[in-house]
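The values are calculated or read from the model by the stated rules, or taken from the named source; none is laboratory data. Small disclaimer: the values here were computed from a predicted structure and weren't measured. Counting neighbours? That spans all protein chains shown, and the Cβs are built from the backbone with ideal geometry, glycine included. The accessibility values were calculated without ligands, DNA or RNA, using every heavy atom of the protein model including side chains. Shrake-Rupley method; radii C 1.70, N 1.55, O 1.52, S 1.80 Å.
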Amino acid sequence: QRHGKKVHVLFSKKRVGLAASRNDAVDFIKLLEAKHEEAGLKSTQEDLILLMLQPGAQLVSHNWLGVVTPALIVPPPILKTEHADENTAMAMKLSNAVSFPVEGAPHKATSFNYYFAPVLTDPSAQDMSMSNGMSFPTPALQGAATAMRLDTFFNLASLDETLTEEWQANLDLSLNLWLCADGIDVLTEISVKASEQEHTAPLTPKEAARFAAAWMDSKSATDVYYTISETHSKLTRLEWDTSMARAKASGNFAAGLQSKCRPFSWYAEHVNAALVAPVWTDDAALGDDATTHDEDVVPDNKQEENPVNTEKLKWNVEEKKDEPKQEEPKEEDAQDSDAIPPNPHKDPRLPSKPIPQSRLDLLSTAKPIDLTYVDMTDGFKEFPHKGAKDADGNWGYVHDETALRKNPPEFVFPNLERACARQDNHRKMLTEKVFVDLEAHEAAEKSGKKRDTIFCLVYTISTAHDRIPYIRETWGSKCDGFMVGSNKTDASIDAVNIPHEGPEEYNNIWQKVRTMWAYIYDNYYEKYDWFHIGGDDLFLIVENLRLYLESEEIKVAANGGFYLPDGSETEQTPLFLGRRFAYAGNMDDIFVSGGSGYTLNKAALKALVVNGLPNYFPHAHTFSEDTMIARIFKKMGIVPYDTKDEAGGERYMPFMPGHHYNYQMPKDISKDWYAKYSIDIKFGLDHCAARSVAFHYVKQDAQKRLFALLYHLCPKEITDK
């Protein structure tokens with residue numbers, strides 16, 4: 001009774017898989033261990049042996065513990081040297097596991113092939129002779145009964161709790177033990193009775209991609225892809241690479257295993273002889289268009305003695321000893337080799353230039369979002385989904401966001417000549433560096449391809465409505481959808497009264513913007529591809545913004561970072577675009593400046609409204625809406641994407657053009673917030689991207705002046721001077 005109950009049964013509130021159940025059990029045992037040590041029932045030097053039994057399994061050998069213990073903890077006499085006596089010699093605790101053979105069955109090692117299907121093989125004569133027939137190594141666990149020290153399991157590099165089935169969980173545990181610990185042996189002196197095992201099917205492509213992403217180098221992962229594609233003829237390289245990328249981006253994925261543990265190539269060469277890499281013939285090189293016959297190549301446990309049928313498969317197998325030694329990748333290529341796995345048959349959806357690793361890292365923590373609309377209104381009863389009021393104060397108003405584009409006002413600028421003639425840094429930046437790429441815009445318009453649609457959202461208050469006509473006469477009508485969020489509805493300037501929690505004041509802009517985003521999602525989500533928000537002093541170059549959003553890089557980024565979309569996607573990687581700032585210089589606290597606004601794709605907008613707004617800072621009152629948005633996104637694994645151009649120029653500007661033309665980094669950056677917050681900026685003409693998309697602090701006549709300079713509306717006699 002001093003030790004308490006001998007049997008404990010754990011019940012989970014929700015259904016979990018085998019891997020998660022094992023972890024829960026070990027966590028509980030660690031608590032019992034601490035309790036027994038505290039009570040003096042166990043010393044800290046004593047080890048607990050963890051025995052995992054398959055359901056229905058029974059131990060045949062009563063002395064199993066006496067056989068298992070010396071296989072896991074090497075007794076002191078074996079280690080004694082001439083300089084140590086028996087009193088000082090210490091036992092060596094191994095980080096290995098032992099497996100029990102099934103009674104009456106021939107002694108077999110369990111391996112797996114590139115299908116991740118189990119393969120039974122005879123132990124080699126050398127392995128048996130080294131232990132006098134007492135044990136032999138096995139590349140994977142058989143599963144009926146497995147023992148190891150409790151601390152071995154507890155300290156494993158990674159155990160994937162998403163794995164629900166026995167073979168998946170044993171496979172992950174086996175790779176942990178071989179690549180990050182001391183391996184697995186089958187002990188022949190003890191056995192276990194086990195119920196007849198069910199047929200173990202190979203992993204699905206998504207499951208295989210997750211294992212490959214966690215444990216394999218790019219070459220091994222490619223071998224798995226080509227092997228699995230033989231039995232899944234519709235599996236494309238795009239789907240495989242996307243599955244690997246999504247596995248890496250999932251919140252419970254163990255990153256960095258390949259740097260912490262032994263390389264998978266070592267395991268394939270020295271441990272698992274069943275991993276024979278395919279050498280592809282011309283027929284196999286047809287890739288996705290090749291004709292395959294599933295019945296010819298499906299691996300079956302009935303073929304245990306001949307797991308790889310070289311006559312039926314579409315590749316030729318060569319002995320590993322004849323393979324030339326692969327050259328180690330150069331240091332500068334090491335990152336890229338993992339970013340885009342090698343593809344000998346180029347997929348047309350590969351971008352012309354891969355996304356740099358630094359930007360892939362920014363995408364890696366974001367989970368893909370299902371783009372299906374989810375209704376969050378709940379009867380429009382509560383903020384932020386109460387909706388808008390019309391000019392008479394009636395709820396339920398929905399603005400016609402296309403009104404401005406369908407009926408744009410005339411551009412009228414009485415001060416045009418004087419504004420164009422002014423020689424200052426604003427003009428220098430807009431005539432010497434920044435330009436509207438009208439040629440590319442017009443080519444895209446004539447191409448016949450569907451263009452991305454942009455909804456532009458400006459926030460203001462009724463006392464600043466006089467600023468809005470300047471936006472409407474310049475860039476506003478270039479947006480596919482346009483709306484001004486305000487505290488007063490005025491259809492003549494596209495202003496909409498969207499009430500929100502708390503007072504209408506500067507120190508409560510967060511609640512204002514929070515409610516505006518909910519209104520946009522509720523009413524316009526399904527009609528647009530992109531959503532841009534900014535204040536009433538924002539100047540947007542819509543043609544450049546649209547071209548940027550339609551660029552290969554952004555399309556690939558929104559598709560997971562590896563391949564161009566084909567138009568059939570139902571999920572999207574959320575993108576949060578704008579001018580990145582490091583809060584007070586802290587690179588772990590990156591946000592997007594609200595000055596020039598920020599741009600969200602559909603996935604980001606849905607993530608914000610459906611998952612972010614209800615759960616984070618719902619009642620906070622603050623002016624810093626930009627940092628609040630960034631913090632919400634960060635909690636969901638979405639971080640601001642780097643929007644610099646290839647020359648390092650910024651696309652989103654927090655000030656007027658002339659400020660950036662003239663700005664130089666001060667000697668003491670602690671006295672300049674802009675210097676402290678900025679991330680690797682350039683100076684002078686180099687600061688702004690040639691195809692910049694946004695500027696800030698552009699008010700009234702300045703809106704028209706920038707518009708005239710950029711769109712060549714200045715009189716020729718002035719521009720020629």
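Oblate is the label for segment 209-269, because a/c, from the alpha-carbon gyration tensor with a ≥ b ≥ c as root eigenvalues, is 1.5 or above and a/b does not exceed b/c.
Near the amide H of residue 108, within less than 5 Å, lie no amide hydrogens of residues on another chain or at least 5 residues away, with H placed in the peptide plane. Distance between the C-alpha centres of segment 599-647 and segment 680-721: 29 Å, rounded to the whole angstrom.
For the chain, the longest principal axis of the alpha carbon atoms and the long axis of helix 237-249 meet at an angle near 90°.
Distance from the alpha carbon centroid of segment 374-439 to that of segment 1-73 works out to 66 angstrom.
Roughly how many percent of the accessible protein surface of the chain is carbon and sulfur, given a 1.4 Å probe and a whole-percent answer?
50
Between residue 701 and residue 407, what's the calculated FRET efficiency when r is the beta-carbon distance and R0 is 25 Å? Round to 0.05. Intermediate values should be presented prior to the final figure.
Numbers: r = 23 Å, r/R0 = 0.93.
Between residue 701 and residue 407 the formula returns 0.60.
Probe of 1.4 angstrom, ligands and nucleic acids ignored: what's the accessible area per residue over segment 439-587, in square angstrom?
Numbers: 4970 Å² over 149 residues.
For segment 439-587, the per-residue accessible area is 33 Å².
The eigenvalues of the Cα gyration tensor, multiplied by 5 and square-rooted, give the chain an equivalent ellipsoid with semi-axes of 61, 30, 24 Å from largest to smallest. For the chain, 688 stand unpaired, since no other cysteine beta carbon lies under 4.7 Å from theirs. As a rough guide to protection, the peptides 270-276, 710-716 ranked by mean Cβ packing within 10 Å, highest first, stand as 270-276, 710-716.
About the Cα centre of the chain, what is the dipole size in debye to 20, counting +1 per Lys and Arg Cβ and -1 per Asp and Glu Cβ, all else neutral? Intermediate results must be reported in sequence, preceding the final value.
Numbers: 78 positive and 107 negative charges, 502 e Å.
Using only the charged Cβ atoms, the result is roughly 2420 debye.
With respect to the chain, whose longest principal axis is taken over its alpha-carbon atoms, helix 509-524 is tilted by about 80°. Derived scalar couplings between HN and Hα for segment 552-566 equal 3, 4, 6, 5, 5, 4, 6, 9, x, x, 10, 10, 6, x, 10 Hz in order, rounded to whole Hz, by the Karplus curve 6.51 cos²θ - 1.76 cosθ + 1.60 (θ = phi - 60°), x for Gly and Pro.
Please give the FRET efficiency for residue 357 paired with residue 449, using the beta carbon to beta carbon distance and R0 = 30 Å, rounded to the nearest 0.05. Working shown, then result.
On the way: r = 30 Å, r/R0 = 0.99.
Approximately 0.50, to the nearest 0.05.
Within segment 362-435, all pairs of alpha-carbon atoms sorted by distance into 10 Å bins from zero give the percentages 12, 18, 20, 21, 25, 4. On a 0 to 90° scale, report how tilted helix 205-215 is relative to the longest principal axis of the chain, with both axes built from alpha carbons and the result rounded to the nearest 10. Computed tilt is about 80 degrees. Distant-in-sequence amide contacts of residue 120, defined by a placed amide H-H separation under 5 Å and a gap of 5 or more residues or a different chain, comprise 111. Using θ = phi - 60° in the Karplus curve 6.51 cos²θ - 1.76 cosθ + 1.60, the 3J(HN,Hα) couplings for segment 403-411 round to 4, 5, 5, 6, 9, x, x, 6, 7 Hz; x is entered for Gly and Pro. Given the pairs 446/478; 248/446; 248/602; 667/699; 450/682; 446/606, which are separated by over 28 angstrom at their Cα positions? Among 446/478; 248/446; 248/602; 667/699; 450/682; 446/606, the Cα-Cα distance tops 28 Å for 248/446; 667/699; 450/682; 446/606.
Taking every pair of distinct Cα atoms and averaging 1/r, then inverting, what Kirkwood hydrodynamic radius in Å comes out for segment 542-688?
Values: mean 1/r = 0.0603 Å⁻¹.
Its Kirkwood hydrodynamic radius stands at 16.6 Å.
Normalised by the number of residues in segment 585-669, the mean separation of alpha-carbon contacts (under 8 Å, six or more apart) gives a relative contact order of 38 percent. When you restrict to C-alpha pairs under 8 Å that are six or more residues apart and normalise by the size of the chain, the relative contact order lands at 12 percent.
What is the Cα radius of gyration of segment 115-215 over 2.2 N^0.38 Å, N being its residue count? Intermediate values should be presented prior to the final figure.
Numbers: Rg = 14.5 Å, N = 101, 2.2 N^0.38 = 12.7 Å.
Output field value: 1.14.
Think of a 1.4 Å ball rolled over the protein heavy atoms: segment 594-705 then has 39 Å² of accessible area per residue. The residue among 643, 627, 609 whose Cα reaches farthest toward the positive pole of the charge dipole of segment 569-663, with charges on the beta-carbon of Lys, Arg, Asp and Glu, is 609.
Couplings 3J(HN,Hα) for segment 358-371, derived from phi with the Karplus relation 6.51 cos²θ - 1.76 cosθ + 1.60 (θ = phi - 60°), are 4, 7, 4, 4, 5, 8, 5, 8, 8, 7, x, 10, 5, 7 Hz, where x marks Gly and Pro.
At a 10 angstrom cut-off on C-beta neighbours, averaged per residue, how do the peptides 374-383, 452-461 rank from highest to lowest? Walk me through the numbers on the way to the answer.
Working: 374-383: 11.3, 452-461: 21.9.
The most tightly packed comes first, giving 452-461, 374-383.
Proximity of backbone amide H atoms, modeled 1.01 Å from N, is registered between residue 186 and 99, 136, 138 at under 5 Å, excluding neighbours fewer than 5 places apart on the same chain.
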